[in-house]
Amino acid sequence: MIVKFKKPLLATLIIVLIVAAGINGYFIGTRNPRTIIVKGIDNIEDGKIKNADFGTVWQTLDLLKKHHLKADKIDNQELVYGAAAGVAASLKDPYTVFLKPEDSKRFTDDIRGKFGGIGAEIGIRGEFISIIAPLEGSPAEKAGIMAGDKILAVNASTTINMTLNDVVKKIRGPRGSKVTLTILRNGDEKTRDITITRGIIKIPTIKWEMKEGKIAHVQFFNFNEIAPKVFPKAFNEALRAGAKGFILDLRNNPGGFLEVAVSLTGVFVENGKTVVIEEFSSGKRNTFTANGQAALKDFPLVILINKGSASASEIMAGAIRDNNGTTIIGENSFGKGTVQELKKLSDGSTLKITIARWLLPNGSVIEKNGIKPDVEVKITEEDAENKKDTQLEKALEILQKEMQNESQ
């Protein structure tokens, strides 16, 4: 996932603000059913909406307050949040969502790297809510959750017609408690139940180890706030230890901040070269270029990806390959190529809006397509059970040959 933080825009959900302002007086004009036309609303698509009929909203609120079985227990603020969520959901974009204050805080906690749950990034794939990637060392990974698993139920409650945010809330729970996911794994005909013990999740960032032949295997897990510090530190440590080649492992890396992805790609790509292109619905494009010293540009390098490599991972992998011709090994990546902008509202709520899509330097679209590896290698369930990493083995084989050819 990629998010961009902007200054708060209080007029973003003017519809919600109207509902909030009139929640106690909406009965006026709606006692007798009629159409109410609201005209001249500012800041909604620059005035493109000429005749916005909000009468249906007022009538719905009125009827709920008058006739619902539990009308005396209706929380007016929850009605406002429900209206806001409905506006966002009407776009049928799973990544455009309204988050009320408590959900907004959880989202911020996730981005900053510490939260309670099972330790897995989830997203929408086709019609299913699916695992993008289990995080390194997380309860989800330890329980056997794999990238690509479709979540059909949480504690026996179906996820059909549930929003992504609702599924996340169901999966969360007190540390030490258990949650059971009913999942369907690619290639399976039957579902399986996997019970996971929840924990406090600290998202890891990077780790490395030296392999035979002075090859440093660098596992990069998240483009978070501390990545710009620890990413170059890890590579410098490897260089001081004598590394002559690198495997950049982006498997199960679900993404993070765009600015971090662009900055760190500059470690490998020449200054001024295109990293990614941001394309808006208007056709306007913003080009993000590498601004580092390309310190590792001339070192032998291969990249590992899988179904859990998403968003910022795909940008980095694609940009390095397009600019340097670097070999990518593994499985087709997730295909998350849109950018969401966070708009903070006055009460602490947040609107997460899809504002653009990403194009790689060669012009290819990431969204739904993902990154296709140059060398496809799949890890079977038997391989995983036996802790046999065939993708890493192939990466080592290819890099060793490359290093041998360069030394001749």
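FYI, it's all coordinate maths here, none of it is from the lab. Because the structure is a prediction, the values reported are computed rather than measured. As a convention, Cβ positions derive from the backbone with ideal geometry for all residues, glycine included, and neighbour counts pool all protein chains shown.
Straight Cα distances below 13 angstrom link Lys229 to the aspartates and glutamates Glu237, with same-chain residues fewer than 8 positions distant left out.
If you take every DSSP beta bridge whose two residues both sit in the stretch 206-407, what share of them, in percent to the nearest 5, is antiparallel?
On the way: 22 of 38 bridges.
For the stretch 206-407, the DSSP antiparallel bridge percentage is about 60.
Cross-link check: pairs Lys207/Lys244; Lys92/Lys142; Lys211/Lys401; Lys169/Lys307; Lys100/Lys343; Lys142/Lys394 evaluated at a Cα-Cα cut-off of 22 Å; pairs beyond the cut-off: Lys92/Lys142; Lys169/Lys307; Lys142/Lys394.
Phi-derived couplings, Karplus 6.51 cos²θ - 1.76 cosθ + 1.60 at θ = phi - 60°, listed residue by residue for the stretch 277-290: 10, 9, 10, 9, 4, 6, x, 5, 10, 10, 9, 9, 10, 5 Hz, with x used for Gly and Pro.
Packing around the peptides 381-388, 214-221, 241-248, taken as the average count of other Cβ atoms within 10 Å per residue, puts them in this order, highest first: 214-221, 241-248, 381-388.
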